[in-house]
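**Q** Handing you a structure now.
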Amino acid sequence: MSYHLIDFKTLGDDRGSLIAIEEGYNAPFDIKRVYYIFDTKKGIERGFHAHINLKQIAIAVKGSCTFVLDNGKQKEEIELNSPNQGLYIDGLIWREMKNFSLDCVLVVIASEHYDESDYIRDYNQFLEEVNL
Ligand code: TYD
């Protein structure tokens, strides 16, 4: 599986905490886009796609959610529940997100601009790509 968790260094003092994410330092790619998913309704599942080239880091800066990662051979579930932990995903991985807490704010940092042609949204096509 082409993913790993990144532990971000928390800078804190009497006032509270701060985390900085910087290209080439704790983000291992050029950052072209940031988006966030919030106000996710109860029981909703999202994702259900893979990317051809995109690299991403997902961080539950508030609340929690579960990523299901599937490389075509095995599936793994990762719970994100901390602002100081990021899930880095690279390569052909089918991803689904579920178990969003009502307060979840999921920030995603991406290596490319939004490009629908980079998406594989059909699971059978994903399996064909993986087995090429
Ligand atoms: P979608 O791919 O369905 O989100 P998810 O993978 O979380 O289920 O995206 C929802 C809509 O937002 C869809 O119309 C595409 C659009 N979108 C953008 O315009 N820019 C973006 O960076 C992203 C991630 C989505």
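**Q** Enumerate the aspartates and glutamates that Lys9 could reach by cross-link, defined here as Cα to Cα under 20 Å, with residues fewer than 8 away along the same chain left out.
**A** Cross-link targets: Glu22, Glu23, Asp30, Glu79.
**Q** With a 1.4 Å probe and every protein chain left in place, work out the accessible area per residue of the chain in Å², rounded to a whole number.
**A** The answer is 59 Å² per residue.
**Q** Next question. What is the pair-distance distribution P(r) of the chain, computed from all Cα-Cα distances in 10 Å bins starting at 0, with each bin given as a whole percent?
**A** For the chain, the binned pair fractions read 12, 42, 36, 9, 2, 0 percent.
**Q** Still on this structure: Tell me which aspartates and glutamates have Cα within less than 19 Å of Lys73's Cα, excluding those fewer than 8 residues away on the same chain?
**A** Within reach: Asp90, Glu96, Asp122, Glu128, Glu129.
**Q** Where does each of Leu102, Leu69 land when they are ordered by accessible area, with a 1.4 Å probe and the largest first?
**A** In descending accessible area the options line up as Leu102, Leu69.
**Q** Using alpha-carbon pairs under 8 Å, 6+ residues apart, how would you state the relative contact order of region 2-130 in percent?
**A** Relative contact order, region 2-130: 35 percent.
**Q** Another question about this same structure. Can you give the Rg and Dmax of region 72-132 based on its C-alpha atoms, in angstrom?
**A** Rg then Dmax for region 72-132, in Å: 13.7, 40.
**Q** Label region 1-76 by shape, choosing from rounded, prolate and oblate, from the square roots a ≥ b ≥ c of the eigenvalues of the Cα gyration tensor; if a/c is under 1.5 it is rounded, and otherwise prolate applies when a/b is larger than b/c, oblate when it is not.
**A** It comes out oblate by the Cα gyration axes.
**Q** Mind listing the long-range amide H neighbours of Phe48? Cut-off is under 5 Å, sequence gap 5 or more, other chains count too, H placed in the peptide plane at 1.01 Å from N.
**A** Result for Phe48 returns Arg95, Glu96, Met97.
**Q** Leaving out same-chain residues fewer than 8 places away, which aspartates and glutamates sit with a Cα under 13 Å from that of Lys41?
**A** Asp103
**Q** Let me ask you something else. Quick check: the distance between the Cα centres of region 80-132 and region 1-50, to the nearest angstrom?
**A** 12
**Q** Region 64-107: which trypsin sites (Lys or Arg not before Pro) are DSSP loop and have at most 12 other beta-carbon atoms within 10 angstrom?
**A** Lys73
**Q** Oh, and also: Over region 2-130, with every protein chain in place, what whole percent of the accessible area is carbon and sulfur at 1.4 Å, could you tell me?
**A** The C+S portion of the solvent-accessible surface of region 2-130 is 47 percent.
The values are calculated or read from the model by the stated rules, or taken from the named source; none is laboratory data. For clarity, every value in this text was computed on a predicted model and none was experimentally measured. No Cβ is skipped: glycine too gets one built from the backbone with ideal geometry, and neighbour counts run over all protein chains shown. These accessible areas exclude ligands, DNA and RNA; they are computed on the full protein's heavy atoms, side chains included. Shrake-Rupley method; radii C 1.70, N 1.55, O 1.52, S 1.80 Å.
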